[in-house]
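What follows is calculated from the coordinates using simple rules that are stated; it is not laboratory data. Keep in mind that this is a model prediction, so the values were computed, not measured. When we count neighbours, we look across all protein chains shown, and the Cβ atoms used for this are built from the backbone with ideal geometry, even at glycine.
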Amino acid sequence: MGKHFDVIVVGLGAMGSATCYHLGGRGAKVLGLERFDLPHAQGSSHGYSRHTKTAVYVDTPFEPFIGRSFELWRLLEGETGQQILVTTGYLRMANTGTWDHLQGKVRHEVLTADELAYRYPQFTLTSDYHGLYDPNGGLLRPELGIASHLIQAMRRGAEIHGRETVTGWKETGDCVEVETDRGRYCADQVVFCSGSWTAPLIADLGISLTVSRQPLAWVWPARNAACFDVGSLPIWQIPAPEPDGEYYGFPMMPDHPGFKLALHNYGETSDPDQLDRGVRPDDEEEVRACLRRYIPDADGPLTAMRICMYTSTKDYLPVLDRHPAYDRVTVGCGFSGGGFKFSCAFGEWMAETALGQPTTIDNEAFRFARLL
């Protein structure tokens, strides 16, 4: 048996890296284990940019976490000198629904079709569309966020291992034993936040986690490229013709060529180790349909594609909870493609829970009980 730790964190993507950071900040002796590189492009937290916003989470269980996450991202930026959160504003366009419930609760603007056409001529919309503008919205840099959390965790004393796969674990009377392809470790507590690889670690619960394949694309605008630069365009979202689908995208950033967009839905399912990471013609067509319909000036040459994954519970809400059968085990999983923006706050909650400390945010909505 190797060294004894206060907490072992399994999986060092968005959630695990943040958990290590917060554990280190609370003086815990931490071991972090990741089967891939640090950071890596095999899971759900790569692709140079992720959305964040506030208005859409008002009056939901996510509301306290999104507020806290903005605070924590700015604190991390102050510690590292890195710009992880780029404020661009968030634009939601739709031809149904209202946002009346936001009045007096959060800063926002409701835009008519004429106002949308004047302010954002990049989009070609019919007269029945209206918009929600959230000035707090912006893009997060996932690789930089993960790296920053891990670097600061190591500076605080955490021991971080890349390319080490967990093969099993068990809770004994006085610790949790974790076995990997390189050794065995013990700790007072373990936190599982292994993304799409979490299901085997909690198989005893019988909870279903569905992994879906998600293509991301970048194109170079065919016309008026400067109109798609950061500073000229917010992050954005608009309904897709497909049932339950939403197109979303980002302004162009100076460190990656192209205008990024994707379709948010829960499509083709897979095992994470068998996921098709190759790019298919229909992956590109998926975003071309959006460009032709809504953003014709951006319908230019493809510059890159990446394949990402969503891991979802049956109700598409995450799990943040202690394992119902093991007092020494905390689990964070099932973030359904929207988790990165919350990761610093979710990591704080898991660190506090693992250490038996009062949590900064109350959490009852994301417990295991609803799924069992």
Who wins for biggest fluctuation among 51, 130, 256 in a Gaussian network model of the chain, springs between alpha carbons below 10 Å? 256
So residue 357 and residue 126, fully extended at 0.36 nm per residue minus their Cα-Cα distance, gain in nm 77.9 nm
Once phi is turned into ³J(HN,Hα) by the Karplus curve 6.51 cos²θ - 1.76 cosθ + 1.60 with θ = phi - 60°, what whole-Hz value does each residue of region 122-129 show in order, with x for glycine and proline? 4, 9, 9, 10, 7, 6, 8, 7
Using modelled amide H (1.01 Å from N, peptide plane; none on Pro or chain starts), what sits under 5 Å from the amide H of residue 12, excluding residues fewer than 5 places away? 35
Quick one: if the Förster radius is 35 Å, what FRET efficiency do residue 96 and residue 203 give, using the C-beta to C-beta distance and rounding to 0.05? 0.30
Note, region 163-171: 3J(HN,Hα) by Karplus (6.51, -1.76, 1.60, θ = phi - 60°), whole Hz, Gly/Pro = x, goes 6, 9, 9, 6, 10, x, 7, 7, 8
Find how many whole Å separate the alpha carbon centroid of region 291-353 from the alpha carbon centroid of region 112-146. 22 Å
Among 341, 170, rank each residue by its count of other Cβ atoms within 10 Å, from fewest to most, as a rough exposure measure. 170, 341
Express in whole angstrom the spacing between the alpha-carbon centres of region 62-98 and region 215-275. 18 Å
Exposure proxy check: 160, 151 ranked by fewest other beta carbons within 10 Å? 151, 160
Give the calculated FRET efficiency between residue 266 and residue 370 to the nearest 0.05, with a Förster radius of 22 Å applied to their Cβ-Cβ distance. 0.75
Contour excess over end-to-end distance, with Cα ends at residue 225 and residue 172 and 0.36 nm allotted per residue: 13.1 nm
What residue among 308, 343, 360 has its Cα farthest toward the positive end of the dipole of region 299-372, where the charges are +1 on Lys, Arg and -1 on Asp, Glu, each on the Cβ? 308
Report the antiparallel proportion of the DSSP beta bridges in the chain as a percent, rounded to a multiple of 5. 70 percent
Taking 0.36 nm per residue of sequence separation and subtracting the Cα-Cα distance, how much length would be gained by fully extending the chain between residue 255 and residue 117, in nm to one decimal? 46.8 nm
Go through the chain and flag any cysteine with no other cysteine's C-beta closer than 4.7 Å, please. 20, 193, 227, 290, 308, 333, 344
